[in-house]
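Contents: one structure, followed by commentary.
The values are calculated or read from the model by the stated rules, or taken from the named source; none is laboratory data. Note that the coordinates shown come from a computational prediction; the quantities given were computed from them, not determined experimentally. Methodologically, a virtual Cβ is constructed for each residue, glycine included, from the backbone with ideal geometry; neighbour enumeration extends over all protein chains shown. All accessible areas refer to the heavy atoms of the entire protein, side chains included, with ligands and DNA or RNA removed. Shrake-Rupley method; radii C 1.70, N 1.55, O 1.52, S 1.80 Å.
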Amino acid sequence: MAKPHVLVLPLPAQGHVTPLMELSHRLVDHGFEVTFVNTEAHHALVVGALKPAGGASALAGIHLASVPDGVADGVDRKDISKLVDSYNRHMPGHLERLIAGMEAAGRPKVKWLVADVCLWWSFDVAKRLGIRVASVWPASVACLAINLQIPKLTEEGLLNNKGWPERDETFQLAPGIPPLHTSELPWNNVGAAEGQPVIFELFSRTDRLSALSEMVVCNSFPEAETGALKLLPNVLPIGPLSSDTEFRKPVGQFLPEDNRCLRWLDAQPDGSVVYVAFGSFTAFDPRQFEELALGLELTGRPFLWVVRPDFTTGELSEAWFDEFQARVAGKGMVVSWCPQQQVLAHRAVACFISHCGWNSTMEGVRSGVPFLCWPYFAEQFLDRNYVTEVWRTGLAVSHNADGIVTKEELRSKVEQVVGDAEIRERVRLLKDAACRCVSEGGSSNENFKRLVSLLSE
């Protein structure tokens, strides 16, 4: 009998699209019909980035669909609060019409919605249409645990009812969960303060899970998040997620991957390359950008640096950057985007300078790469604390009095991370644990089978 038709719906951001696309590939491998829904703007990016790989046909059985997001022309698409507000108001109706349109066109009836927890409004749409719901939490379970504790943290006087801290202190929910300073709460570190109410609602509405979702899975594994998973035993870890063991299947990138970097890595010695990537949102002002560039040069090590077209705010001197690239040619490679999972798994990579988005963090853990953490926003400070305080698989950069990470600080921390044999050993042990979890008989593999079994009903 044919497996049911599953509609997969991520929050439209790279760190959410990637794990849900990986999960979609796995579901297709198990015989499900999968329709993957993006906003029209992000759908166009994914299709555009796929063109060099053979277009949407490269997705091997995943149907791509899109809905309008209601974001007005001229709105800054880096303003996450405005985007989220528009998604919440406009996308539910469009999603309903998409589902009706697919059925009218003769596609099989959608039996299950597998949705990003951050799109909690979609659970209500599914319920209205008689569609069953399973959900995916794409960030750390520790972050979800903090979200679900917002009422308790408010009651205890740590937060006011708008999510702002009442006390300047570090708190820890439970043993094994990273401590977090109240200045680094995820919902208070996403853009300008005026957008905070929308973001706070996004984080606090995760309590919709228990009411409407029949199963919650996450991109994690027990050895990584023992404490958080004890607090939330109903959240099933199925990670670290990947689309396939060779990382060949496309995972919904918004920018085309520059595969030349893989050939460049092939020519580098084992464990020599500093890989630098800050995800899809991080932006540096020109001063910090230049300091980062000079710091990479100062390490004297080969480096692979991902510089998106929108990576800098303000006017960076193109002549200066051209001169820098000419100076480091042969030693360093700069690309606008890359196949990160293949890069991290490459024998030449020595360490990962990262913004600590959870997706990147899990990819680095699975590949056994030490971290130099440089978080930018949201829950990335919590993820950094996993690396530096719980797993102890890397270090974090420190900013000077002007808020700058200097070139000397970068060089010093790179040398410490790469040269620390104890860090390397802890990295290896965590990688081995991750690999056991996703292997046949491992806990993540068994939990994935539970999801497959549920979606087959």
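Things to note:
- With 0.36 nm allotted per residue and the present C-alpha distance subtracted, the Leu298-Arg167 stretch has 43.1 nm of extension available.
- Near-label residues of region 136-157 by backbone N, under 18 Å of a point 7 Å along Cα→Cβ of Lys230: 141-146, 149
- Computed accessible area, Met215, all protein chains, 1.4 angstrom probe, square angstrom: 30 Å²
- Within region 347-396: Cβ-based charge dipole about Cα centre, in debye rounded to nearest 20 (Lys, Arg +1; Asp, Glu -1): 200 debye
- Relative contact order of region 1-132: 29 percent, from C-alpha pairs under 8 Å at least 6 residues apart in sequence.
- Carbon/sulfur fraction of accessible area - the chain, other protein chains in place, 1.4 Å, %: 51 percent
- Normalising the average separation of contacting C-alpha pairs (under 8 angstrom, six or more residues apart) by the number of residues puts the relative contact order of the chain at 16 percent.
- Where Lys331, Lys230 fall by accessible area, highest first, once all protein chains stay in place (1.4 Å): Lys230, Lys331
- Region 200-295, relative contact order in percent, only Cα pairs under 8 angstrom and at least six apart counted: 17 percent
- Protein heavy-atom accessible surface, 1.4 Å probe, per residue over region 114-260: 41 Å².
- 27 Å Cα-Cα threshold exceeded, pairs from Lys78/Lys449; Lys78/Lys162; Lys111/Lys449; Lys249/Lys449; Lys230/Lys449: Lys78/Lys449
- Within the chain, percent of DSSP bridges classed antiparallel, to nearest 5: 5 percent
- Largest accessible area first, the residues Arg424, Arg167 order themselves as Arg424, Arg167 under a 1.4 Å probe with ligands, DNA and RNA left out.
- Ranking by accessible area, most exposed first, for His355, His16, His399 with a 1.4 Å probe: His399, His16, His355
- Values of log10 I(q)/I(0), in the order q = 0.13, 0.18 Å⁻¹, for region 1-135 under a Debye, Cα-only, solvent-free model: -0.53, -1.04
- Antiparallel %, DSSP beta bridges [both residues in region 117-269], to 5: 35 percent
- Look at the dipole of region 298-457 built from charges on Cβ: of Pro370, Cys356, Asn400, the Cα furthest out on the positive end belongs to Pro370.
- Surface per residue (accessible, 1.4 Å probe) for region 267-334, Å²: 42 Å²
- Option label - Rg and Dmax of the Cα atoms in Å computed here, alternatives (1) 23.7, 92; (2) 22.8, 73; (3) 21.5, 65: (3)
- Look at the Cα gyration tensor of region 347-457: its axes a ≥ b ≥ c give a/c of at least 1.5 with a/b over b/c, and that counts as prolate.
- Partners for Lys331 among lysines (Cα-Cα distance below 27 Å; same-chain residues under 8 apart left out): Lys407, Lys413
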